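Just so it is clear, none of the values below were taken in a lab; they were calculated from the coordinates. Note that the structure is a prediction, hence the values are computed from the model and not measured. Virtual Cβ from ideal backbone geometry, glycine too; neighbours counted across all protein chains shown.
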Amino acid sequence: MDKREIFKQHISKFVSLTDEQLDYFLSHFKEHSFKKGQVVIGEGDKVAVTPWSDGTTNQALVDKIHRHAYKVTDDDLARLRPAYSDDELFEVVVSAALGAARQRLFAGLSALENA
């Protein structure tokens, strides 16, 4: 089973995606390979995987989701409501969470392959 199928199987536990939707989602990411023991994301490193970000407040929310999703509050979303609809905020939150999950999954799979 290739990495795409492993990811699709994992995601299907939470949401149903067609192959077309999965291809679209995956098109926003680039796969990387890492050596065993290599630091992938160090403390304080900035993760830039948000093509939809406006580079300001939206980016702060995405960064918070990537690093500490459990710390996201209603106030974080309320600050963005004047600029974004609920649907847009939902898309940003879900995309950031799935992006972080995918990044961690592929880093783990790569580490296992190189072990």
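The table that follows gives values for the structure above.
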read-out	value
Net charge over other residues, Cβ less than 12 angstrom from the Cβ of LEU89 (K, R count +1; D, E count -1)	-4
Whichever lysines have a C-alpha closer than 20 Å to that of LYS64, once near sequence neighbours (fewer than 8 apart) are set aside	LYS46
Label-zone membership for the stretch 91-115, site SER33, 7 angstrom Cα→C-beta point, backbone N under 19 Å	103-115
Label corresponding to Kirkwood radius over Cα pairs in Å when calculated from the structure given, among (1) 15.5; (2) 13.7; (3) 16.3	(1)
Among PHE34, PHE25, PHE14, residue whose mean-square fluctuation peaks in a GNM of the chain (springs only between Cα atoms under 10 Å)	PHE14
Value of relative contact order over the stretch 3-113, rounded to a whole percent, pairs C-alpha under 8 Å and six or more apart	36 percent
Within the chain, helix-based [θ] at 222 nm, where runs of 4 or more DSSP H residues each add -39,500 (n - 2.57), nearest 500	-17500 deg cm²/dmol
